[in-house]
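The values are calculated or read from the model by the stated rules, or taken from the named source; none is laboratory data. These figures come from a predicted structure and were not determined experimentally. Cβ atoms come from the backbone with ideal geometry, glycine included; neighbour counts cover every protein chain shown.
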Amino acid sequence: MSVQAVSAGAILFRNTRGRREYLLLKSRPGDWEFPKGGVEGDEELQQTAIREVQEEAGISDFRLLDGFRRDYNYVFQAGGKTIHKTVHLFVAKSFEASAELSSEHRDLQWRDYEQAINTITQDGPREVLEAADVFLEEYDDGS
C-alpha cells in the first residue's frame with residue numbers, strides 16, 4: 001500500500017558576527033535536517049512551517065521571507081506501508097540567537113553554509129539549502 005504525505009518546514013538562518021548560520025537538527029535516526037513536520041488539518045504550508053519551527057526549535061521570533069519555496073521528495077517504509085513524502089521548505093530569518101532542543105531530535109547546531117552543506121547527508125535537503133543560500137545572497141531585506 002502506498003500513502004502520500006506532505007510536510008513543511010523552514011531553513012532557519014541567523015546572522016552572527018557578520019556571517020550567516022543555518023539551524024540543523026539531528027533526527028532520531030541520525031540524519032541532520034531542518035525543522036519540518038506534517039501538515040495538520042486545514043493548515044496552509046506556511047502555517048505548518050511556522051508551527052514546526054516553534055515546536056522543534058523553540059524559536060518564536062522569526063520571519064518567513066517572501067519569494068522562496070522549494071520542494072523535495074523521498075520514499076520510505078513505515079508500518080508496512082510505502083510512504084511517498086513531499087517536503088516544502090521556506091526560508092526564515094531568526095531574530096533569536098539560540099534554539100531549544102525538542103524531544104524529537106538528538107542535537108541541534110548552528111552551522112555556516114560550508115559546514116551545513118557538508119553535514120546534511122540527504123540530497124533533497126542539500127539541494128534546497130544550496131538554492132536558499134543563493135536566494136539569500138541576492139535577497140534585500142531593507143536593512
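For (1) more than 12 Å from the chain's Cα centre (by Cα); (2) at pLDDT 95 or above; (3) not acidic (Asp, Glu), each residue gets a yes or a no:
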position	(1), (2), (3)
GLU52	no, yes, no
HIS88	no, yes, yes
GLU96	yes, no, no
ARG111	yes, yes, yes
GLN122	yes, no, yes
GLY142	yes, no, yes
Count - residues of the stretch 49-68 that are in a loop (DSSP other than H, G, I, E, B) and in contact with a Leu (Cβ under 9 Å, 6 or more places away or on another chain): 4
Quick check: anything in the stretch 131-140 over 17 Å from PHE13 (Cα atoms) and either modelled with pLDDT under 95 or not in a loop (DSSP other than H, G, I, E, B) (or both)? no
Would the stretch 30-37 turn up any residue that is in a loop (DSSP other than H, G, I, E, B), of a type outside the set (D, E, K, R) and buried (at least 17 other Cβ atoms within 10 Å of the Cβ)? yes
Scan the stretch 15-29 residue by residue and report those that are touching a residue at least 40 places away in the same chain (Cβ under 8 Å) and either of a type in the set (Val, Ile, Thr) or in a loop (DSSP other than H, G, I, E, B) (or both). THR16, ARG28
List pairs: first residue in the stretch 52-69 and touching a residue at least 40 places away in the same chain (Cβ under 8 Å) and surrounded by 14 or more Cβ atoms within 10 Å (Cβ to Cβ), second residue of a type in the set (Lys, Arg) and part of a strand (DSSP E or B) anywhere in the structure, Cβ distance under 8 angstrom, at least six positions apart or on different chains. GLU52/LYS36; GLU56/LYS36; PHE62/LYS93; LEU65/LYS93
For the stretch 111-135, which positions are surrounded by 19 or more Cβ atoms within 10 Å (Cβ to Cβ) and hydrophobic (A, V, I, L, M, F, W, C)? ALA116, ILE120, VAL128, LEU129, ALA132
Checking the conditions here, which among GLN46, GLN115 is in a helix (DSSP H, G or I) and either within 15 Å of the chain's Cα centre (by Cα) or within 30 Å of MET1 (Cα to Cα) (or both)? GLN46
When residues of the stretch 69-79 are filtered for being within 12 Å of the chain's Cα centre (by Cα) and not in a loop (DSSP other than H, G, I, E, B), how many remain? 3
Have a look at GLU96, GLU104 and point out the one that is loosely packed, with under 15 Cβ neighbours inside 10 Å and closer than 20 Å to GLN46 by Cα. GLU96
Here are THR121, THR82: which of them is in contact (Cβ under 8 Å) with a residue 40 or more places away in the chain, outside any strand (DSSP E or B) and among the hydroxyl-bearing types (Ser, Thr, Tyr)? THR121
